[in-house]
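J.: Okay, here's the structure, questions in a sec.
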Amino acid sequence: MAQAAVLFACLWAGAVVDFSTRGVMDRAGNVKFQDFIQFYVGGTLARSGQPASLYDGRTAFAMMHQIAPQWQFALPMVYGPQVEAWFMPLSGFSFLTAAAIWVALSSVLYMACCYWVWKACPNLTAYSSLFWVLALAYPAFFHFVVRGQISALLLACFTAAFFAFRAHRPFLAGLALGSLVFKPQFLMAIPIVFLLSRAWKPLIGTVIASVGQLAVTWAWCGTSVMRQYVATLSNLSRLVAATETTKAHAQMHSLRSFFSLLVPWPQVALGLSLIASVAVIVLAARAWGVSAPPAVRFSALVLAAVLVNPHLFVYDLLVLAPVLILLADWALGDLGLAESAKRDVLVCGIYSAYLLPLLGPLTLVTHFQFSVLALVWLQWELWRAVSLQELGRLSHVEQAETR
């Protein structure tokens, strides 16, 4: 509790001081709720009947500099047309008012998702005060708020999928996960995990929801806009590098960014990240294929989606909130972890996954992203725990058959 309280005080006191200036610029010389500016501009263009201008860099950049003339950068429009359309109602307000409304609504959604998952964890009911302080001090939540991002929508999809799996509704869970197609990088691992583990119902639901969302978007904005969006996705790495330079990788937490920081040869880094991604997906599929608790199987799936995502910034680690809550409940309940040493290792992994994203900026010096190593370690420990549990179950069955 003491560590959580100090972390909460430091993060949010710093944010208050940074945002205490007049106007749209903060004390660091950045736009307040920096990432929200692209959603606000996109919503304005969509509302004015100009969806064809969404990916016209000159139009979008001119509008951004109209909002913040002193800003030295401009964010590329990298999200799908459907995302920009969601912000049409907010585009009628001033930028800061719209950003404040969005952040407030998204924060409520984040808290609601955390609360629903926590209520499903009987071993955490005695830790309500600690739970809420940890939720508010979560580094991913802090970055999500100050950047004005849309990660709460990703969290809502994953949370809905968990409760659908828990209710033995795999097709509905697939529909929730397929809705993630508005940020398609999150779907690079999930369908493959389902395919390898022969989980056909969630796989079909994922495909239907993804195709349905894209079809509705296509019908609304037209073929030319969708082509521009696909072209933008194919150049995503170049666009990020052009706007955020070397600082971008320091705030990214996936296997792709890990090896890009660690290995100076781009082709070698790409090859290593592909090999590691395959290994993580296989571990998730093996964990999914055994009779482990739904919380553990779901956690393995989300960890794979995060690690394989090639373009995952710190604010998108918000989707790990249910994983950290569920695994903490599992560890405290000693579900399948009969030996205290194994439980302690899992708890260390949870602690590291929660806290280490704060050290992202250090990678500009160390070239080593400790947070990614913590997530891989957590995935490995999950696989090891469920594998040992499965071996124990099979041994018990064999002994029973022998008797």
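J.: Looking only at Cα atoms, what is the convex hull volume of the range 10-165 per residue, in Å³?
T.: 118
J.: Rank ALA284, ALA126, ALA164 by mean-square fluctuation in a GNM of the chain with C-alpha springs under 10 angstrom and give only the top-ranked residue.
T.: It is ALA126.
J.: Next question. Of all alpha-carbon pairs in the range 271-333, indicate the percentage at a distance above 17 angstrom.
T.: Cα-Cα pairs in the range 271-333 separated by more than 17 Å: 45 percent.
J.: I want to check the label-to-label distance for ALA9 and TRP220. Put each point 7 Å from Cα in the C-beta direction and report it in nm to one decimal.
T.: About 4.5 nm separates the two model spin labels.
J.: Tabulate in residue order the Karplus-calculated ³J(HN,Hα) for the range 12-19, using 6.51 cos²θ - 1.76 cosθ + 1.60 with θ = phi - 60°, rounded to whole Hz; enter x for Gly and Pro.
T.: 7, 5, x, 5, 4, 5, 5, 8
J.: Based only on other Cβ atoms within 10 Å, what is the fewest-to-most ordering of ARG27, ARG343?
T.: ARG27, ARG343
J.: Here is a further query. If R0 is 22 Å, what FRET efficiency do you get for MET111 and ARG166 from their C-beta distance, rounded to 0.05?
T.: After rounding to 0.05, the efficiency reads 0.65.
J.: Using the Cα gyration tensor of the range 126-230, with a ≥ b ≥ c the square roots of its eigenvalues, what is the shape: rounded (a/c below 1.5), prolate (a/b larger than b/c) or oblate (neither)?
T.: Here the range 126-230 falls in the oblate category.
J.: Given axes a ≥ b ≥ c from the Cα gyration tensor, I'd like to know whether the range 1-45 is rounded (a/c under 1.5), prolate (a/b larger than b/c) or oblate.
T.: oblate
J.: HN-Hα J couplings of the range 124-134 from phi, Karplus 6.51/-1.76/1.60, θ = phi - 60°, integer Hz, Gly and Pro as x?
T.: Result, ordered by residue: 9, 5, 7, 10, 5, 5, 4, 4, 5, 5, 5 Hz.
J.: Taking the Cα centre as origin and putting +1 on Lys and Arg beta-carbons and -1 on Asp and Glu beta-carbons, what dipole magnitude results for the chain, to the nearest 20 debye?
T.: Dipole magnitude for the chain comes out near 440 debye.
J.: Got a sec to turn the phi values of the range 98-106 into Karplus ³J(HN,Hα) couplings, 6.51 cos²θ - 1.76 cosθ + 1.60 with θ = phi - 60°, whole Hz, x for Gly and Pro?
T.: 4, 5, 5, 5, 5, 5, 5, 5, 5
J.: Still on this structure: Provide the gained length on full extension for the span ARG227 to MET25, in nm with one decimal, where the gain is 0.36 nm per separating residue minus the Cα-Cα distance.
T.: Once the chain is fully extended between ARG227 and MET25, it gains 69.3 nm.
J.: Using Cα pairs under 8 angstrom and six or more residues apart, how large is the relative contact order of the range 101-157, in percent?
T.: For the range 101-157, the relative contact order is 56 percent.
J.: Report the rotationally averaged projected area of the chain based on its alpha-carbon convex hull, in square nanometres.
T.: 20.8
J.: Angle check, please: helix 36-47 long axis (alpha carbons) against the longest principal axis of the chain (alpha carbons), in degrees 0 to 90, nearest 10.
T.: 70
J.: Then there's this: Counting other C-beta atoms within 10 Å, which of PHE144, PHE259 has the fewest, and how do the rest follow?
T.: PHE259, PHE144
J.: Then there's this: What list do you get for MET77, MET1, MET25 if you sort them by fewest beta carbons within 10 Å?
T.: MET1, MET25, MET77
J.: What does the C-alpha gyration tensor say about the overall shape of the range 174-213? Classify as rounded when a/c is under 1.5, otherwise prolate if a/b is larger than b/c, or oblate.
T.: Taking the square roots of the gyration eigenvalues as a ≥ b ≥ c, the range 174-213 is oblate.
Any read-out appearing in this document is the output of simple, stated calculations on the displayed coordinates, not a laboratory observation. Just so we're clear, the structure is a prediction, and the values are computed from it rather than from any experiment. Glycine also receives a Cβ, built like all others from the backbone with ideal geometry; neighbour counts cover every protein chain displayed.
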